[in-house]
Amino acid sequence: MAGERDGGAVHRIQVAAPAGVVYAVLADAARLPLYFAPSVHVERLDGDGGRERLRMWFLVGGRLESWTSWRDLDPVERRIEIHPEGGPGSPLEPMRGVVSIRDRGPHASELELRYGFAARPGLPAGALWPGRVADLNIRTQLTQLKRFAERWSRLDDLVLSCEDSIRVQGPAELAYDFLYRAGDWPEHVAHISAARLREEAPGIQHLTLRTPAGDGVHTSESVRICFPHAGRIVHKQTTPSPLLAAHTGEWSLTEDERGATLTSRQTVVLCEEDITAVLGDGASLADARRQVRAALGRDCRHLLTLARQHADSAVRMLVPPSRPVC
């Protein structure tokens, strides 16, 4: 295309993990946010096993960008081809790439990424070329992938998923409204001392919470993507809590003829390096799993209960008091 500047690069990294493990980690698109810090959320829109269409949300320069890509998966050759659809305004629209993973021993492999891009015409002089941003992000992601995959023998113990749910009899949209307005949580939630909610765009939220932590205060930051018509809010902590290397989750409302079910699903990656400092000498990974699951469930069920009360209170206000017989 006239006026565009073409570019591309090849990156190779050595990974102390079997090639099959590295491929499996990359092929599981839904879990990309667990080990790529800039990745916030991935949704599979379509697919037949060998090909899939993904909607992806990534942090780029502090802003949340979204685009759609096709991926062709070849588990035999351990090869993934990426064909972004792009769209108006997407800085990563021109990117395309091929990932190949080769055996380099029983517990060793080499990952090669070849990718290309074409900058949009009309970029102002001195503007940061999208290809340069992409290259920096890719280098970071490959380093994070290597660190995650090299723990392959312990991944089942390091990754923890949990789910909590509650029934809501009041209007489902009011339960959703309580979760959406997270900036108001300090008025209702005892363990949250302060909250700041900023909307980058409608439905794209940056949330900062302050909660007690030992003798001090922990400040966590999250990015949230809200789908009000689907009754969903997906979120990722960009500054995970102690004991966690990554934390993603989703609030969802499912309505039926008797009311609605409000559900929280969370997935975390435990940070082994923090276990002794947080839990003390002699603490094990199993101890960390129990502690984290208990904390996630406690805080989550408290918010679920408050959301239900927020919805149920509206029903009570609408029901007139019963009149005496005489």
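What follows draws every value from the coordinates through simple rules; no lab data is involved. Nothing here was measured: the structure is a model prediction, and the numbers come from that model. Glycine gets a Cβ as well: all are built from the backbone with ideal geometry, and neighbour counts include every protein chain shown.
Brief remarks follow.
- Separation of alpha-carbon centers, the range 257-297 and the range 141-171, rounded to whole Å: 10
- Three-way shape call for the range 156-318 based on the alpha-carbon gyration tensor, with the a/c threshold at 1.5: prolate
- Working note: Karplus 6.51/-1.76/1.60 with θ = phi - 60° gives the range 42-58 the couplings 9, 10, 8, 8, 6, x, 10, x, x, 9, 9, 10, 10, 9, 10, 10, 10 Hz, where Gly and Pro are set to x.
- Only Lys, Arg, Asp and Glu carry charge here, each on its Cβ (+1 for the first two, -1 for the last two); on that basis the range 176-265 has a dipole of about 220 debye about its Cα centre.
- Sequence-ordered 3J(HN,Hα) estimates for the range 74-81 from the Karplus curve with 6.51, -1.76 and 1.60 and θ = phi - 60° stand at 10, x, 5, 7, 6, 9, 10, 9 Hz, glycine and proline given as x.
- Taking amide H positions as modeled 1.01 Å from N, with prolines and chain starts lacking one, the residues under 5 Å from Ala17 and 5 or more places away or on another chain are Ala108, Ser109.
- Under a 5 Å amide H cut-off, with hydrogens placed 1.01 Å from N, Gly47 pairs with Arg53 among residues at least 5 apart or on other chains.
- Computed from phi, the 3J(HN,Hα) profile of the range 196-209 under the Karplus parametrisation 6.51, -1.76, 1.60 (θ = phi - 60°) reads 9, 10, 10, 9, 5, 7, x, x, 10, 10, 10, 10, 10, 10 Hz, with x in place of Gly and Pro.
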